[in-house]
Ligand code: HEM
Ligand code: FES
């Protein structure tokens, strides 16, 4: 099963093993990862599941969809070229051991 | 209309920059251990809740996170952690409750369906309520409507009622265009909304209330039947226009539109009036927002936290379970009391006071999970971005009428029912 590594600004990290198809947001919320709220349950409506994806995985991700694109403009922490909505990124074998950083603020 | 400089440029809602915050509230998980029986709160009355529910919520929350409340015929969930768990956990807490009065008055809308059925209806709303459409289309329309109804308020002169002479017609007209009812008036929208909401709350089974609700429901059906073929030929950005070209049953369109008429009008109206009322009662905070437009979004979020416009919504347990130490049987009818969860001292310091400068934390006023309010950004845009800054700019020295007191009331829905205002004209 692929693993996600959520790293926090204090350098601590949480490793979570998930089944393929699980989103980054769901994995974080069900495991109580600090800093991922996921208030809208994955409707791409709240922007509280914002993460920065490690550059080495950027190319492996599906393109940013229209709904995700507009919502990324509403994140609380600054959007960068590595910003994604955790609820729109589904895990797959090629993302095994993907590393993402959790922003300092989410609401 | 001004935008905050520190907010992302293209977000239609210019959120003020947040302070660093702790954003993971205590987690409650339903467990299968044996729990305590929910205490019964037989001292709670509907009349007291309607007047001022907050002292009641304080008392309940201090005793237990969940009570059986005979007057409401439900378990009332008042802690933040329990409310949050319920909204994120569809499997244990269904939105599709039995004997729902909302289903009777409005039909079976997305709000009372679980996934996967819910998602089909939710997706049928397309892009209409999403940020990009708001930015490219609705903001301009909201600004024009705002001018129109502020003009009417000013023409009425000092002493006019902020809710009924401005906030209600403004938000009703916005919703009319969002829905695509080009064959109705904002007054129709207000009448439909109120009579169907009254049906949804008709626990006393009053036949006169059912008759009015059914009459509005039939009028909405007729208006939809007329608009769908028209919008199929003349598409615009409205909900009905999108629905006109979608393979979705007419029954679902009707129920979803009725639910949206009920849920998309009173809430922005109430948050607009409540926020202005709160600012007028807190001169220091009013002064601050008037000097910095970026603070209006903070005032909006604090206002919906402080007085959640939707104070309670229903869920039902799908199995025997224990939530926060309280045993709930399968089929237990719950009231998730957002009005109480949003003032939980476990999460918010000094929760009873209105303070736009409090550290930012996620409130539950828009719900959460798959039913998270579909109109969140519409509400933020029309109220925080457009109405609030203009109101304070255009009505110099706006103040409450000392000779004619305002009234705040309600608990399932809470807002200002009367708010006479004065200004220097
Ligand atoms: C400040 C204003 C508003 C507040 C506080 C608010 C609050 C809420 C809440 C708490 C829910 C979830 C209820 C539940 O889970 O049972 C909800 C759902 C919903 N709201 Fe809002 N609302 C507001 C404005 C609006 C507006 C302006 C619209 C439409 C233009 C709207 C459309 C909806 C819809 C369609 C749903 C159902 C979503 C679903 O079931 O997936 N709301 N709202
Ligand atoms: S969970 Fe709300 S946008 Fe991702």
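The number of residues in segment A:57-83 that are closer than 17 Å to residue A:8 by Cβ and more than 14 Å from every other protein chain (Cβ to nearest Cβ) comes to 1. Return the residue satisfying two criteria in turn: it lies in segment A:28-56 and is away from chain B (no Cβ under 14 Å) and within 12 Å of the chain's Cα centre (by Cα), and of such residues it is surrounded by the fewest Cβ atoms within 10 Å (Cβ to Cβ). Looking at residues that are away from chain B (no Cβ under 14 Å) and within 12 Å of the chain's Cα centre (by Cα), I get A:54. Can you find even one residue in segment B:141-162 that is closer than 19 Å to residue B:276 by Cβ, within 14 Å of ligand 1 (Cβ to nearest atom) and either part of a helix (DSSP H, G or I) or within 14 Å of chain A (Cβ to nearest Cβ) (or both)? Yes: segment B:141-162 contains one or more residues that are closer than 19 Å to residue B:276 by Cβ, within 14 Å of ligand 1 (Cβ to nearest atom) and either part of a helix (DSSP H, G or I) or within 14 Å of chain A (Cβ to nearest Cβ) (or both). Quick check on residue B:198: is it out of contact with any helix residue (DSSP H, G or I) (no Cβ under 7 Å at 6 or more places or on another chain) and buried (at least 18 other Cβ atoms within 10 Å of the Cβ)? It is false that residue B:198 is out of contact with any helix residue (DSSP H, G or I) (no Cβ under 7 Å at 6 or more places or on another chain) and buried (at least 18 other Cβ atoms within 10 Å of the Cβ). Any idea which of (1) more than 19 Å from residue B:117 (Cβ to Cβ); (2) in contact (Cβ under 8 Å) with a residue 40 or more places away in the chain; (3) more than 14 Å from ligand 1 (Cβ to nearest atom); (4) within 26 Å of the chain's Cα centre (by Cα) is the one residue B:231 doesn't satisfy? The failed condition is (4).
Residues in segment A:13-31 that are in a loop (DSSP other than H, G, I, E, B) and in contact with a strand residue (DSSP E or B) (Cβ under 9 Å, 6 or more places away or on another chain): A:18, A:20, A:21, A:22, A:31. Across segment B:88-108, the number of residues qualifying as touching a strand residue (DSSP E or B) at 6+ places or on another chain (Cβ under 7 Å) and crowded, with 21+ Cβ neighbours inside 10 Å comes to 2. Does any residue of segment B:246-256 turn out to be modelled with pLDDT of 95 or more, under 16 Å from the mean Cα position of the chain (by Cα) and either away from ligand 2 (no atom under 16 Å from the Cβ) or away from chain A (no Cβ under 14 Å) (or both)? Yes, segment B:246-256 has at least one match. Within segment B:109-133, restricting attention to residues that are away from ligand 2 (no atom under 16 Å from the Cβ) and part of a helix (DSSP H, G or I), which residue is surrounded by the fewest Cβ atoms within 10 Å (Cβ to Cβ)? If we take residues in segment B:109-133 being away from ligand 2 (no atom under 16 Å from the Cβ) and part of a helix (DSSP H, G or I), then B:117 is surrounded by the fewest Cβ atoms within 10 Å (Cβ to Cβ). Could you list, in sequence order, the residues of segment A:75-107 that are assigned to a loop (DSSP other than H, G, I, E, B) and within 16 Å of ligand 1 (Cβ to nearest atom)? The answer is A:107, and nothing else.
Number of residues in segment B:159-178 that are over 30 Å from residue B:231 (Cα atoms) and in contact with a helix residue (DSSP H, G or I) (Cβ under 8 Å, 6 or more places away or on another chain) equals 4. Counting only residues that are modelled with pLDDT of 95 or more and within 20 Å of the chain's Cα centre (by Cα), how many does segment B:131-142 have? Adding up the residues that qualify gives 4. Residues in segment B:60-87 that are surrounded by 14 or more Cβ atoms within 10 Å (Cβ to Cβ) and either without any contact (Cβ under 8 Å) to a residue 12 or more places away in the chain or more than 14 Å from chain A (Cβ to nearest Cβ) (or both): 17 in all.
If a residue must be touching a strand residue (DSSP E or B) at 6+ places or on another chain (Cβ under 6 Å), more than 15 Å from ligand 2 (Cβ to nearest atom) and without any contact (Cβ under 8 Å) to a residue 60 or more places away in the chain, how many such residues does segment A:62-107 contain? Adding up the residues that qualify gives 1.
The values are calculated or read from the model by the stated rules, or taken from the named source; none is laboratory data. This is a predicted model, so every value here is computed, not measured. Glycine gets a Cβ as well: all are built from the backbone with ideal geometry, and neighbour counts include every protein chain shown.
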